[in-house]
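Written below as structure tokens is the structure these notes are about.
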Amino acid sequence: MPLNSVVARVTDRIRERSASGRSRYLQLVDQMAARDRGSDRLGCANVAHAFAALPASDKFKVVAERVPNLAIVNAYNDMLSAHAPYARYPDVIKDEAQRNGAMAQVAGGVPAMCDGVTQGTPAMDLSLFSRDVIAMATAVSLSHDVFDGALMLGICDKIVPGLLIGALHFGHLPTVFVPGGPMPSGLSNSEKAKVRELAAQGKVGRAELLEAEEKAYHSPGTCTFYGTANSNQMLMEAMGLHVPGAAFINPGNELRAELTREAVRTLLGNVKARRFTPIGRQVDERCIVNAMAALLATGGSTNHLIHWVAVARSAGITIDWDDFAELSSVVPLLARVYPNGQADVNQFQAAGGPGFVIRELLDAGLMHEDVLTVREGGLREYTRLPTFEGGLHWTPIGASKDSGVVRPASEPFSRTGGLKLLTGNLGRSVIKVSAVPDDRHVIEAPARIFDTQEALQRAFQAGELEEACRTNGANGLVCVVRWQGPQANGMPELHKLTPSLSVLQGKGYRVALVTDGRMSGASGKVPAAIHVSPEAAAGGPLALLQDGDVVRLDAVEGRLQALVPHDQWIRREPARMPAAQRESDGMGLGRELFAAFRRNAAEAEEGAVTWQ
């Protein structure tokens with residue numbers, strides 16, 4: 001199938017826009033790749049330090065025999081259920097490397113915070129910036145510069161983007177990402193959401209809510225809803241950075257262990273072979289477009305409209321939300337996974353998973369097939385399912401095993417993707433429409449302005465929001481939460497708002513959320529215009545909005561507009577972030593350490609990067 005004309009046009013536009021930056025980046029990649037091996041290039045004292053802890057026989061192999069030396073960058077901790085299995089991975093990787101005539105060293109560890117633990121707390125103000133900390137920690141880990149390739153061990157929200165950004169700043173190294181897989185299914189995500197809504201209404205207490213949450217999050221592995229963590233894994237498959245089909249195999253079984261060993265063999269095949277492909281050359285504009293298409297086709301996390309902008313920048317490539325929007329006009333929605341449906345990621349995997357989606361997109365001309373991957377066979381290898389029966393094998397995915405979960409491109413759930421760009425006098429923002437009922441794609445209602453998510457929750461508990469909805473009649477209410485962008489407080493996720501707003505919508509009221517903060521992969525059935533840019537703290541137009549202003553959120557036409565006469569709008573003085581909030585945000589729980597991040601953070605559409 002020829003490449004779709006829109007996909008081709010967007011790719012060409014990105015290539016032209018990025019020409020100078022990409023050229024400079026590749027020159028540096030080639031310059032670094034052309035150097036002698038680390039143990040040959042470094043001074044004797046440097047080499048001695050690098051390998052001092054190795055047994056004498058291993059020192060001889062890496063220095064005298066010049067065997068490949070692989071870096072392991074590990075995001076292990078046992079606070080994250082998804083990352084707990086990584087405690088054992090370095091030993092497995094080292095063993096497999098030695099079996100294949102190579103060495104491996106843990107180059108470093110990177111921090112990994114659990115957004116599920118910090119959700120709704122002040123610590124969430126560190127969440128987005130932790131991505132850049134992880135990128136920096138990856139760079140520090142690899143800066144010892146004695147490695148021939150790298151294995152990245154990470155799964156969750158900011159961790160994979162951070163590892164990828166860090167790896168691309170060492171773009172001369174072949175690199176393979178090593179996932180760990182999702183936990184087995186527990187209490188369904190939809191049942192969990194129901195209990196949360198009941199708790200928000202005071203109909204169940206803490207004991208019942210905790211019981212439901214513990215049944216949903218119950219064992220090692222990634223959470224089973226299709227949030228940022230699992231969207232990460234889908235995108236790694238689409239970019240060819242995993243061993244094919246490795247994303248959603250549960251932890252602890254024989255296939256999972258063999259896929260980890262195969263990651264080592266795959267990396268060594270790249271290091272040793274003539275097809276040597278450093279990650280900096282592999283991640284080009286076609287690879288980035290493939291990731292964007294996979295995100296849209298699966299209704300993935302809105303966080304990636306920030307993260308993948310930053311990832312692309314790290315490879316000398318410039319993308320923006322217009323690129324996502326144009327691709328969304330032709331990339332169909334092929335998957336229904338919670339919160340974009342009722343299935344969890346285990347059901348998604350059983351129905352066909354990433355391999356099914358990638359095959360359908362390739363066959364429809366909606367992904368680039370002529371891309372480099374960590375495997376010699378290219379992206380088509382990622383359309384097969386791994387099995388382990390006396391050895392590791394891959395078999396064709398076949399037809400969808402559940403048409404309620406994945407569908408072919410010829411019969412999609414929607415002809416367009418799951419994300420929409422909104423523009424207007426309130427700025428630029430995005431909305432995840434794939435989970436929003438069709439009759440809620442347009443909301444026009446008076447605004448109620450909040451400075452914090454806690455203020456909105458208090459208003460809900462006091463019955464003020466429901467009273468406002470009743471007062472406004474059929475119009476409903478647009479809740480605006482501002483001062484939530486990168487420069488204001490680090491752009492925390494606002495998940496805690498979902499149950500309250502879902503309750504109001506469930507009662508038949510027309511409600512929407514507008515914010516310069518994030519809702520992430522858990523963006524659900526309530527229409528939410530998020531990532532509004534410029535943010536209020538940077539003088540963005542949300543600072544001009546007043547209680548009672550009528551706001552129109554139109555996901556059909558792609559508009560976000562304050563219906564205020566223009567002459568009045570331009571005369572308004574912007575509100576200032578409340579002094580008490582400005583002073584308290586950034587204080588306590590280590591937030592003081594991130595003051596420079598807040599000062600230097602770019603807008604959301606620029607990836608909220610802090611290093612440029």
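The values are calculated or read from the model by the stated rules, or taken from the named source; none is laboratory data. This is a predicted model, so every value here is computed, not measured. No Cβ is skipped: glycine too gets one built from the backbone with ideal geometry, and neighbour counts run over all protein chains shown.
Out of the range 234-255, which residues are over 15 Å from ALA335 (Cα atoms), within 19 Å of the chain's Cα centre (by Cα) and in a helix (DSSP H, G or I)? Correct list: MET236, GLU237. Residues that are closer than 23 Å to ARG256 by Cβ, in contact with a Ser or Thr (Cβ under 9 Å, 6 or more places away or on another chain) and in contact (Cβ under 8 Å) with a residue 12 or more places away in the chain within the range 377-413 comprise LEU379, GLU381, TYR382, ARG384, LEU385, PRO386, THR387, TRP394, PRO396, ILE397, VAL406, listed in sequence order. Restricting the first member to the range 470-494 and to residues that are surrounded by fewer than 24 Cβ atoms within 10 Å (Cβ to Cβ), and the second to residues that are of a type in the set (Phe, Trp, Tyr) and in a loop (DSSP other than H, G, I, E, B), the beta-carbon pairs closer than 9 Å and six or more apart or on different chains are ARG470/TYR509; ASN472/TYR509; GLY476/TYR509. The C-beta contact set for the range 343-370 (first residue in contact (Cβ under 8 Å) with a residue 12 or more places away in the chain, second residue of a type in the set (Lys, Arg) and part of a helix (DSSP H, G or I), distance under 7 angstrom, 6+ apart or interchain) comprises HIS368/ARG286. Residues of the range 86-111 that are crowded, with 19+ Cβ neighbours inside 10 Å and farther than 19 Å from LEU168 by Cβ: TYR86, TYR89, ILE93, LYS94, GLU96, ALA97, ALA102, MET103, ALA104, GLN105. For the range 98-125, a residue qualifies if it is more than 21 Å from GLY166 (Cβ to Cβ) and out of contact with any Leu (no Cβ under 6 Å at 6 or more places or on another chain), and the qualifying residues are GLN98, ARG99, GLY101, MET103, GLY116, VAL117, THR118, GLN119, GLY120, THR121, MET124, ASP125. Scanning the range 380-432 for residues that are closer than 21 Å to VAL345 by Cβ, hydrophobic (A, V, I, L, M, F, W, C) and either in contact with a strand residue (DSSP E or B) (Cβ under 7 Å, 6 or more places away or on another chain) or part of a strand (DSSP E or B) (or both) yields LEU385, PHE388, TRP394, ILE397, VAL405, VAL406, PHE413, LEU419. What is the one condition in (1) crowded, with 21+ Cβ neighbours inside 10 Å; (2) not assigned by TED's automatic domain parsing to the domain that holds THR175 that VAL289 does not satisfy? Status for VAL289: all satisfied but (2).
Among the residues in the range 29-41, are any among the charged types (D, E, K, R), surrounded by 15 or more Cβ atoms within 10 Å (Cβ to Cβ) and over 25 Å from the mean Cα position of the chain (by Cα)? Yes, the range 29-41 contains a residue that is among the charged types (D, E, K, R), surrounded by 15 or more Cβ atoms within 10 Å (Cβ to Cβ) and over 25 Å from the mean Cα position of the chain (by Cα).
Among the residues making up the range 56-78, those that are part of a loop (DSSP other than H, G, I, E, B) and either surrounded by fewer than 17 Cβ atoms within 10 Å (Cβ to Cβ) or over 22 Å from the mean Cα position of the chain (by Cα) (or both) are ALA64, GLU65, ARG66, VAL67, PRO68, ASN77, ASP78. In the range 166-178, is there at least one residue being hydrophobic (A, V, I, L, M, F, W, C), part of a helix (DSSP H, G or I), crowded, with 17+ Cβ neighbours inside 10 Å and without any contact (Cβ under 8 Å) to a residue 60 or more places away in the chain? No, every residue in the range 166-178 fails to be hydrophobic (A, V, I, L, M, F, W, C), part of a helix (DSSP H, G or I), crowded, with 17+ Cβ neighbours inside 10 Å and without any contact (Cβ under 8 Å) to a residue 60 or more places away in the chain. Among the residues of the range 495-522, those that are part of a loop (DSSP other than H, G, I, E, B) and surrounded by fewer than 23 Cβ atoms within 10 Å (Cβ to Cβ) comprise HIS495, LYS496, LYS507, GLY508, TYR509, ARG510.
Yes/no per residue for (1) at pLDDT 95 or above; (2) under 30 Å from ALA538 (Cα atoms):
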site	(1), (2)
SER403	yes, no
PRO408	yes, no
LEU419	no, yes
ALA445	yes, yes
GLN453	no, yes
ALA462	yes, no
VAL478	yes, yes
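From the residues in the range 435-457 that are small (Gly, Ala, Ser) and out of contact with any helix residue (DSSP H, G or I) (no Cβ under 6 Å at 6 or more places or on another chain), which one is nearest to THR121 (Cα to Cα)? In this case the residue turns out to be ALA455. Entry remark, the range 342-360: residues being part of a helix (DSSP H, G or I), crowded, with 24+ Cβ neighbours inside 10 Å and within 20 Å of the chain's Cα centre (by Cα) number 8 in total.
Within the range 400-418, the set of residues being out of contact with any Pro (no Cβ under 8 Å at 6 or more places or on another chain) and either charged (D, E, K, R) or farther than 15 Å from ALA293 by Cα (or both) comprises LYS401, ASP402, SER403, GLY404, VAL405, VAL406, ARG407, SER410, GLU411.
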